[in-house]
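Here the structure comes first, spelled out in C-alpha cells, and everything after it is commentary.
Every read-out reported here was derived from the displayed coordinates using simple, explicitly stated rules and does not represent laboratory data. The structure presented is a predicted model; accordingly, all values stated were derived computationally and were not measured. So basically every Cβ, Gly included, is an ideal-geometry build from the backbone, and we count neighbours across all protein chains shown.
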Amino acid sequence: MNRNISSFLFLFSFVLLPHAWAASGGTVIEPFGRGTPGKGGFTPVIWAEGHPAPGNRSFKLLLDRGLGGGAAFLLMSNRSASLKILGMELLVDPLASAFFVPWNGILSGSQGQGGAGSARAPLPLPADPNLVGLEVFFQFLGGDGTAPGGLSASDGLRVTLQRGPLVVGAGYKTLVAYHPATKVLTTMGGILGPVDAQFDRKGELLFLADRKVMRIFDAGSVPFRLVKTVSVPGGLANHVVVHPGGKRAYVSVASRTTPAIYIVDVDRGSASFGTVIGKIKGLPPGNLAFEGGSVSADGRVLCVCDLGLGGKRWLHVIDVDPASSTRDRVKRSVLIPGIPGYAADVDVGPHGVVAYLCFSSLSKTSWYAKVLLPTGQVLNKVQLGANALFPTDIDLDPRGRFLIVSCPNSSNLVKIDLTPGTGYFRPLVFQAAPGGAKPFSVALTPDGRTAWAMTMNMGLYAWDVATGKVIQSVPMRKAGAAVAVR
C-alpha cells in the first residue's frame, strides 16, 4: 500500500463502528505487549509524536531500533490481540472490522545494520469531535531475514484520541487555561485555593482539589463550565486521583482527627455523579497527612504517600481493581526507612509493581526512591544537593523512560533516568527557570516531549525534555500550586 494514503479515510471509518471507552490504561498514548527482536537482538520500539487530538494533521508514529535500510509497515486496528504468527507476536487484531495498513516504507540507517533503522509515519487525524475517546491500536512490522519468521516487530501502542492540547494552572483564586499552539491564555474564577488538578482521559472533565471541596469542570470548551462542587467531609482536600476507567476519583483529606481517602462517582451517566460514594478501608490509625497519589495505568493499584509529619513516612498501596473482591481496601501500608525528609509525592508504574517517590527536606539535600510494592523494599535511591531543592511533585514518562520532578527551592526541574544501563536512576538537572520562578507542580505532555510546570510566583513554564531547556513561559500576576496537561 502506498505510504501516502491518507489516514483520514481509515480513521473516519472508525466513526461508523461501535466503540467503548476502555477501563484500562492511564495515559492516552500507552505501549503494551512485547516486540520481536531482529538482527543483533534489537527489538523495534514504537512511539508517537504530537497530541492525539482530532484535527491534528501533524500527528506521527515513530519507529526506532529497526533494521537499517529495511522495509517496514504499520498496522492499525480497533482491537488489540496476542497472536503467535511466523515466530512473532501480533499485537493488533487482523480480523477486526477496522484493520488497515496506513503506512509502509524504507527505514533510515545503514543498510543491514541491526538497531539502526528508524521511521516517522505521518498519521493525520480527521477533525471530527466524535472521535474523542476512540481507542486505536498500532504495531510496526519489519522485514528481517535473521528473525525467526523473517519479520521483526515493535511492541504495541494504544492511542486514545483526546481533546486538543491544553495546559491548566491553578492557585489561590486563580484558574487559567493556556493553549500552547495559539498562545491564548484564559483566566477564570470560581475557585478558592486548589492544590491539585487532573483531567480525565478524554480531556473533557477537569477535577480540582480545592480546600474542602472537589470541583468538577466541563473542559470541553474554554472558559470551563462548573458542573459539580463535591463537599469532602472532615478536612482539606489535598489531592485527587482519577481512575483510568473514568468512573471514580479518589480524594485525599488531610486531617488531624479524621484523615481519609474518599471515593467520588465521576461517571456522568450515573445517578450518583458528583457525590461521595465511599472511602478507602484499612488505613492505619494515626495522624496521617496524605500528600500525593497515583494510580497504575492498568487501573489496579492506587498509591498514596503520607508526608510524615508524625515521623512515619507511609506509602499506602490500595486495591482499586474494579474486578477485585477487595476493591478500595488497603493492601499494605509500607514504612519507608532510611530516607530523611518528607514524602512529597508518588507516581506508580503502569502495572502497579513499583512506585517512585520524592522526599523534601529543609536542608540542602533531597531524596528520590524506587519502591517494590509487593514487598515494600527500596530498590534504588539517590540523594541530590543544592541543585535540586525541596522536590514537591513527580511525573513518570508514559514509556517509563524517566521521571520529572519539580524543585521550587532551586527553581528548576530534575530528570531521573530509568533506562537500563550505566545511567540508570541518575539525575539530570534542567535549566533554572528565568527570574527565579519556583516550579511547584509538573506534568508531561502525552508524548513525553514537554514538561509543563506551575510556579509558585511567576506563572507557567515549559521545558524541552530532550534538552532540559526552558522553551516557553506564560507570566501571570498570580501563580499557584497545581498543573494539569492534556
Would you mind counting up the charge near Leu315? Only other residues with Cβ under 14 Å from its Cβ, with Lys and Arg at +1 and Asp and Glu at -1.
+2
Using a 10 Å cut-off around each Cβ, can you sort Phe273, Phe138, Phe402 from fewest to most neighbouring Cβ atoms?
Phe273, Phe402, Phe138
For segment 360-486, Kirkwood radius (reciprocal of mean inverse C-alpha pair distance, Å)
14.7
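Show that you can apply the helix-only estimate: for the chain, add -39,500 (n - 2.57) for every DSSP H stretch of four or more residues, divide by all residues, and state [θ] at 222 nm to the nearest 500.
Details: 1 runs with 9 residues, N = 486.
For the chain, the value works out to -500 deg cm²/dmol.
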log10 I(q)/I(0) for segment 7-160, Debye formula on C-alpha points only (no solvent), q = 0.09, 0.16 Å⁻¹, two decimals, reads -0.26, -0.82
Determine the gain in length on full extension of the stretch Asn130-Asn387; use 0.36 nm per residue of separation and subtract their C-alpha separation, reporting nm with one decimal.
87.9 nm
Based on other C-beta atoms within 10 Å, arrange Glu291, Glu49 from fewest to most.
Glu49, Glu291
Summing +1 per Lys or Arg and -1 per Asp or Glu among the other residues with Cβ less than 14 Å from Ser255's Cβ gives +2
log10 of Debye I(q)/I(0), alpha-carbon scatterers only, for segment 107-234 at 0.09, 0.11, 0.16 Å⁻¹
-0.46, -0.60, -0.86
From the Cα centre of segment 225-268 to that of segment 388-458, the distance in Å is 26
Please give the length that would be gained between Leu428 and Arg449 if that part of the chain were fully extended, namely 0.36 nm times their separation in residues minus their C-alpha to C-alpha distance (nm, one decimal).
6.0 nm
Pick out, from Trp103, Gly70, Thr160, the residue whose Cα sits farthest towards the positive end of the charge dipole of segment 7-160, with +1 on the Cβ of Lys and Arg and -1 on the Cβ of Asp and Glu.
Gly70
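Kindly identify segment 283-408 as rounded, prolate or oblate by the Cα gyration tensor criterion: order the square roots of the eigenvalues as a ≥ b ≥ c, call it rounded if a/c is under 1.5, otherwise compare a/b with b/c, prolate if a/b is larger, else oblate. Spell out each step's value before the answer.
On the way: a/c = 2.11, a/b = 1.39, b/c = 1.52.
The shape class here is oblate.
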HN-Hα J in Hz across segment 435-450 - Karplus 6.51, -1.76, 1.60, θ = phi - 60°, x for Gly and Pro
x, x, 4, 10, x, 9, 9, 9, 8, 8, 5, x, 8, x, 8, 10
Rounded to whole Hz, the Karplus (6.51, -1.76, 1.60) HN-Hα couplings of segment 155-166, x for glycine and proline
5, x, 9, 9, 10, 9, 6, 10, 4, x, x, 7
